[in-house]
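What follows is a set of notes on a single structure, which appears directly below.
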Amino acid sequence: MGKLFAVVLILITIISTVFFIYHGPDNILWLPIDASAHGHGVDHQLMETMYGSGFLFVASQILLGLFVWQSTSRPEGWKYKTFPGGAKPMVVSAILLVGIEILTLSFVGSKVWAGIYLSPAESQALPIDVQAGQFAFYFRYAGADGKFGGIHADKIDEGSGNFFGLDPRDDVAARDDVVVASLTIPVNRPILLTMHSKDVIHSFYVRELRLQQDIVPGLMIPLHFTATQTGRFEIVCTQLCGLGHYQMKAYLDVLPAGKFDEWLKQQEAQQ
Amino acid sequence: MSEATAHAATHQHTAPTGFFRKYVFSVDHKVIGLQYYGLGLFAVIIGMILSWLMRLHLGWSTLAIPGLEKLSPVGAPGNVMTPEYYLSLMTMHGTIMVFFVLTNVPFAGFGNYFLPIQVGAADMAFPRMNMMSFWVTLSAFLVLMAAFFVSGGPPLSGWTAYAPLSAIGQDAGPGQGLGQTLWAVSIAIFCVAQLLGALNFIATTLDLRTRGMSLARMPLSTWAWFITSVIGLMAFAVLLPACILLFLDRVAGTSFFVPSGLVVSDRLQPHTGGSPLLWQHLFWFFGHPEVYIAILPAIGIVSHILPAFMRKPMLGTRVLIGCMAAIGFLSYMVWGHHMFVSGMNPFSAILFSVPTLVITIPATIATLLWIGSVYGARLRITTASLFCLGFVSVFISGGISGFFLAQPSIDTYLHATYFVVAHFHFVMGVAAIFGMFAGTYFWMPKMIGRMMNESLGKLHFWITFVGVYCIFMPMHYLGLAGNVRRYAAFTDDFLVPLIPVHQFITIAALVTGAAQLIFLFNLVWTRFRGPKASDNPWQATSLEWSTTSPPPFDNFGGKQLVVHNEAYLYGVQGASGDYVMQTSPETVAQD
Amino acid sequence: MEFTAGHGHAGLMEESPYGIPSGKLAIWCFVLSDAVTFAAVLFAYGYLRVGSPDWSTPFSFSPSILNGIVMTFVLLTSGLTMLAAVEAAKAGRTSAGTRWLWATCALGALFAVLHLLEWRRMIEEGWRLFQNPTGGAVQFGAAFFSVTGLHLLHVVGGVVALLIMALGFPSGKYNRTDIEVTGIYWHFVDLVWMFVFPLMYLMNAK
Amino acid sequence: MSSPDSTPGPGMKFFVAVWIGLMCIVGIEVVITYSHPPARQLLVWLLALAFLEAGIAVWYFMHLKYERAALVWSAIPILVFVVFMLDHIWPDAFRLISMRFLSN
């Protein structure tokens, strides 16, 4: 039965690995296209890790299977053999193999991370205000005056569509703010989102942008990125936010610069 | 007190008579251990049924599950689960499994039963406190169960109970009323129980070792329980106040975790000035050590069982102990890796990511030690040894995915996807459960004096082993595809095509779950019909095998053992038999 | 304590690495754990205070700070009487030990009373867990009452423990180790106050 | 006999002296407070003195001095380490104000 274990184990290892290795464009069980400027860094990091840990995974599983296979075909009264060198090679190889891998990973990875979350947004980035609430995202553009109106939690009213709690009467800046339910941005232009939540923690997740950021109530959380491909992507909430969590989504429309300006004009006209 | 001590040394305390003192309010660590085991068994059954219901809903979200309406008329009108009820079941599944199964059975259950025996003591250092810790644990469990039956049903904010969702009460959802309060109370009580348990374990390990049982000679399982209790001592000490503060936020109107101006279901919340991240910090400061509280005992149990079937000593016993200690030490430096994208200061992310990656080193060493120990052995294949080997395999599979999630730059894509679900289910859930199974098949003969049925056991192993891979491997692929976790149903455009995979997982889960009935039957059958077990059926060396099966009330029939050897003298040439018991005075060349 | 297993008695057991009775070892572990608990609460307090733009520091020297000083004095003195009790117990002077236990007990109770009076005054001023009469951050009340409340619970627990000891010690129901154990716990309660007083009172002095 | 290994305490006279010392430290704390230094400075001072006090209390009152070194070396580092680790929360705490979401 030890042999059976070895076989099953190695089969499992191979089958599991195949799905990781085979990822053509038609395979939905893989990362979607990368539509962001920083995304390749993330993908690269992920693949590096995939190779390194994949090797460890396959090697150790097969080794285990191999040894089990051997160890069940031994005669009565077999005098056991200790692994050559005892525990030392284990310790050394682990420290060297894994140590080197994690050193490189954390070095490169930290740079990727810093590039996304620690670097400040470009000065000409397009500012967009994001309000998350159970169970929808709302997006706000500053409008012609380039200024956002103040937010008043007590004025928030889904019914009348005042999602941000704006006060157009007393607040000039608020009057021309463009509030929409789907995020529309120009391609290849830096975007600076300022995200806040009106109730509980939500999360802003766009697979194609390789971006995820929790939106914590009480905080204004900045997030900046540059979309490099036009198209329609999904923004979903990845932080458990209540019963409607699974339905909380919005669309991200990345338009060519010209189209975007038209779109924004239309919206301003409608305000 | 000198006579008190002498008394302690020999432990001539008389066995209780009468059913209650014997089996219910017993101070005997063996009975308490079995009680913990029983509680864990009950809890795991509930937890598994919950996961069945969840899986069914994920595969077929409109499926009517007969009888579900009986369980909760509000949660499942017309037997179809509502999204909020899904979340409630998910929360209860997580809480039950993490606290009342993964923490209870390998640590409190087996630990209680075997730690004193393995060090040659007649009982825990504080038997009454031991009894207390079980009954406190039980009451925590009952409080949690009560959440099923209160109006609004169980909480729905997940086992992590992130504030403000968990702190603002009914407005946040049906389960967020009394249900969530009960959750907080239950966990707070559980912390107290763990504290009592940890004190007892530490004192017993250090003070009640019989003559010759030096620290270096203690079995690896004892070491694991000891290290675990040290971790628990500090970890639960942080969760306790966290739960108290959460409780105050909920019932006393404080604002520790709730910021100003929240508008939930169109009501402006009264709280002002709190910080949701504070809860996450306090929770995960406990939460990450908790992961190792769950897995370390399993590591110890497996390392304790393997040599008995390999008929050779564990490779690098000392190194393994060092690894467990290192893992325990590091577990306090890494909790932030649960919070990379939580709005935590991005600088901290790097700070937390490095030690997280470093943990893979001791983990890898341990794994290599297991694999290297199998090399050159003559393996006896039993259900217990199979589950040990299964544990190693699963531990590898689960640990590997840690490489990804430990890096913030990758976590920004994989966080809160099924990749995470796969990771912690493999490395913490399945691995620990395999440890429990191995322990059960290995120790049941000692615990109930009867041998478990091997053919049923092997059948159980094969279905479970292949099953868990069918369940959790595909979750990695789902995660890479960006499949978000904690969704009651998959309506997003990019998620709909993934539903077939979920259906496959669901079927695998149902089959694997069904296989556990074989185990239950085997357990019950063994209890009543199983063949009598000899004192040392596996020809093992540690102290629990030098007493009767099951052991007498004071473990060794009043005699105080003397230990002569280290724990794992197997395959010793020139010994009577191929092994030397720890208690055997015969001197053999130890290589 | 059921089994106060010592070290190598009659060579039947391995010696405990610390050479102290299990009771003492256990209380030391408990103290460590409890210290972390208090640390966590105090960190939470600091966290919220750092995060509040409008933190209020309402304590005037009299009565609040003065009262705090008196309470500190009482608690420290109770620590001294506790030491006396332990010393007496060690020397086998049971009646003296018992007397000192009672004294410690009384001082502990006095501390609790002073604290409760303080609370009453603050509550009359309008302080609540969720309310700040001076209009600053409500976290002040929350933090103050939770931290001092948690400490007060420990004091009360200690007083009860001391009571039980004082009653059981003369009859020999409890031995000197139990007194020592109680002592360590009591000194720990004292120790926690050494942080609570400066952080909750002095840091919030006008 | 508790533990023959733990040397007998130095007797009450000494403890009274320690007690006076502790009261003095409390006095110093109050004096510093009312010399009204900036909050951060005050905090540093008070914490330093509190740790000093606590150290003395553990060392003499809780008899740690008279236990084996092993106890000191296992108890204190663990506690210090865990409390030190808790400090990882500060980088967030100090962002709360600057990132505060100004509603009302």
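The values are calculated or read from the model by the stated rules, or taken from the named source; none is laboratory data. Computed from a predicted model, the values in this text were never measured in an experiment. Counting neighbours? That spans all protein chains shown, and the Cβs are built from the backbone with ideal geometry, glycine included.
Of these, D:VAL72, D:VAL83, which one is facing chain C (nearest Cβ under 7 Å) and hydrophobic (A, V, I, L, M, F, W, C)? Even if it seems obvious, please write down each step before you answer.
Numbers: D:VAL72 fails: facing chain C (nearest Cβ under 7 Å).
Checking each option against the conditions leaves just D:VAL83.
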Item to check | Test: C:VAL160 is free of Cβ contacts under 8 Å to residues at least 60 places away in the same chain and away from chain B (no Cβ under 14 Å) | outcome: yes
Checklist entry - Based on what the data block shows, is A:THR226 away from chain B (no Cβ under 12 Å) and either hydroxyl-bearing (Ser, Thr, Tyr) or part of a helix (DSSP H, G or I) (or both)? => result yes
Next on the checklist: Among the residues that make up the stretch C:98-118, is at least one of them under 13 Å from the mean Cα position of the chain (by Cα) and within 10 Å of chain D (Cβ to nearest Cβ)?
Outcome noted: no
Checklist outcome for this item: Expected single match for out of contact with any Ser or Thr (no Cβ under 6 Å at 6 or more places or on another chain) and in contact (Cβ under 8 Å) with a residue 60 or more places away in the chain among C:SER95, C:SER56 is C:SER95
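Out of the stretch A:70-86, which residues are more than 7 Å from chain B (Cβ to nearest Cβ) and part of a loop (DSSP other than H, G, I, E, B)? Can you show your working first?
Here is the first cut: in the stretch A:70-86, the ones more than 7 Å from chain B (Cβ to nearest Cβ) are A:70, A:73, A:75-77, A:84-85.
Scanning the stretch A:70-86 gives A:SER73, A:PRO75, A:GLU76, A:GLY77, A:PRO84, A:GLY85.
Please find, among B:VAL430, B:VAL501, the residue that is under 23 Å from A:ILE14 (Cα atoms), under 24 Å from the mean Cα position of the chain (by Cα), of a type in the set (Val, Ile, Thr) and part of a helix (DSSP H, G or I).
Details: B:VAL501 fails: under 24 Å from the mean Cα position of the chain (by Cα).
Answer to the check: B:VAL430.
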Checklist entry - Restricting the search to the stretch B:68-109, which residues are more than 30 Å from B:ALA294 (Cβ to Cβ) and aliphatic (A, V, I, L, M)? => result B:VAL74, B:ALA76, B:VAL80
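Condition check ((1) within 30 Å of B:VAL98 (Cα to Cα); (2) outside any loop (DSSP other than H, G, I, E, B); (3) within 8 Å of another protein chain (Cβ to nearest Cβ)) across all residues:
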{"residue": "B:GLY232", "(1), (2), (3)": "yes, yes, no"}
{"residue": "B:VAL238", "(1), (2), (3)": "yes, yes, yes"}
{"residue": "B:ALA242", "(1), (2), (3)": "yes, yes, yes"}
{"residue": "B:PHE247", "(1), (2), (3)": "yes, yes, no"}
{"residue": "B:SER255", "(1), (2), (3)": "yes, no, yes"}
Next on the checklist: Go through (1) in contact with a His (Cβ under 9 Å, 6 or more places away or on another chain); (2) free of Cβ contacts under 8 Å to residues at least 40 places away in the same chain for B:PRO116 and report which single condition fails.
Outcome noted: (2)
Checklist entry - Among the residues of the stretch A:67-105 satisfying the criterion of being surrounded by fewer than 21 Cβ atoms within 10 Å (Cβ to Cβ) and small (Gly, Ala, Ser), which is nearest to the chain's Cα centre (by Cα)? => result A:GLY99
Checklist entry - For the stretch B:467-484, which residues satisfy the criterion of being more than 20 Å from A:TYR22 (Cα to Cα) and at the interface with chain A (Cβ under 7 Å from one of its Cβ atoms)? => result B:VAL484
Next on the checklist: Is it the case, given these coordinates, that D:LYS65 is more than 30 Å from C:PRO17 (Cα to Cα) and more than 7 Å from chain C (Cβ to nearest Cβ)?
Outcome noted: no
Checklist entry - Out of the residues in the stretch B:270-306 that are out of contact with any helix residue (DSSP H, G or I) (no Cβ under 7 Å at 6 or more places or on another chain) and in a helix (DSSP H, G or I), which is farthest from B:THR228 (Cα to Cα)? => result B:PRO276
Checklist outcome for this item: Flagged in the stretch B:431-464 as touching a Gly at 6+ places or on another chain (Cβ under 7 Å) and surrounded by 24 or more Cβ atoms within 10 Å (Cβ to Cβ), in numbering order, are B:ALA431, B:PHE434, B:TYR441, B:MET452, B:PHE461
Checklist outcome for this item: If we keep only residues of the stretch B:321-347 that are among the polar types (S, T, N, Q) and touching an Asp or Glu at 6+ places or on another chain (Cβ under 7 Å), then the residue nearest to B:GLY399 (Cα to Cα) is B:SER342
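Residues A:SER160, A:SER182: which one is out of contact with any Pro (no Cβ under 9 Å at 6 or more places or on another chain) and closer than 27 Å to B:GLY479 by Cβ? Lay out the reasoning, then the answer.
On the way: A:SER160 fails: closer than 27 Å to B:GLY479 by Cβ.
The match here is A:SER182.
Answer yes or no as to whether A:GLY115 is at positive phi and either more than 7 Å from every other protein chain (Cβ to nearest Cβ) or more than 30 Å from the chain's Cα centre (by Cα) (or both). Steps first, answer last, please.
Details: at positive phi: no; either more than 7 Å from every other protein chain (Cβ to nearest Cβ) or more than 30 Å from the chain's Cα centre (by Cα) (or both): yes.
Considered against the rule, which asks whether it is at positive phi and either more than 7 Å from every other protein chain (Cβ to nearest Cβ) or more than 30 Å from the chain's Cα centre (by Cα) (or both), A:GLY115 comes out as no.
How many of the residues making up the stretch A:202-223 are outside any strand (DSSP E or B), facing chain B (nearest Cβ under 7 Å) and surrounded by fewer than 24 Cβ atoms within 10 Å (Cβ to Cβ)?
Residues of the stretch A:202-223 outside any strand (DSSP E or B): A:207-210, A:216-218, A:220.
Okay, now just the ones that are also facing chain B (nearest Cβ under 7 Å), so A:207, A:210, A:216-218.
Subset that is surrounded by fewer than 24 Cβ atoms within 10 Å (Cβ to Cβ): none.
Adding up the residues that qualify gives 0.
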Item to check | Residue identified as outside any helix (DSSP H, G or I) and either surrounded by fewer than 23 Cβ atoms within 10 Å (Cβ to Cβ) or at pLDDT 95 or above (or both) among B:GLY390, B:GLY343, B:GLY376 | outcome: B:GLY376
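Touching a Lys or Arg at 6+ places or on another chain (Cβ under 9 Å), modelled with pLDDT under 95 and surrounded by 14 or more Cβ atoms within 10 Å (Cβ to Cβ): is that true of B:PRO16 in this structure? Outline the logic, then answer.
Details: touching a Lys or Arg at 6+ places or on another chain (Cβ under 9 Å): yes; modelled with pLDDT under 95: yes; surrounded by 14 or more Cβ atoms within 10 Å (Cβ to Cβ): yes.
Taking the combined requirement at face value, the residue satisfies it.
If only one of C:PHE144, C:PHE197 is part of a helix (DSSP H, G or I), touching a Gly at 6+ places or on another chain (Cβ under 9 Å) and closer than 24 Å to C:ASP34 by Cα, which one is it? Before the answer, list the steps.
Values: C:PHE144 fails: touching a Gly at 6+ places or on another chain (Cβ under 9 Å).
Going through C:PHE144, C:PHE197 in turn, the sole match is C:PHE197.
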Checklist entry - Are any residues in the stretch C:24-52 within 7 Å of chain D (Cβ to nearest Cβ) and closer than 18 Å to D:HIS63 by Cβ, and if so, which ones? => result C:TRP28, C:LEU32, C:ALA35
Next on the checklist: Test of understanding: among B:LEU315, B:LEU369, which residue is more than 27 Å from B:LEU195 (Cβ to Cβ), in contact with a Gly (Cβ under 6 Å, 6 or more places away or on another chain) and assigned to a helix (DSSP H, G or I)?
Outcome noted: B:LEU369
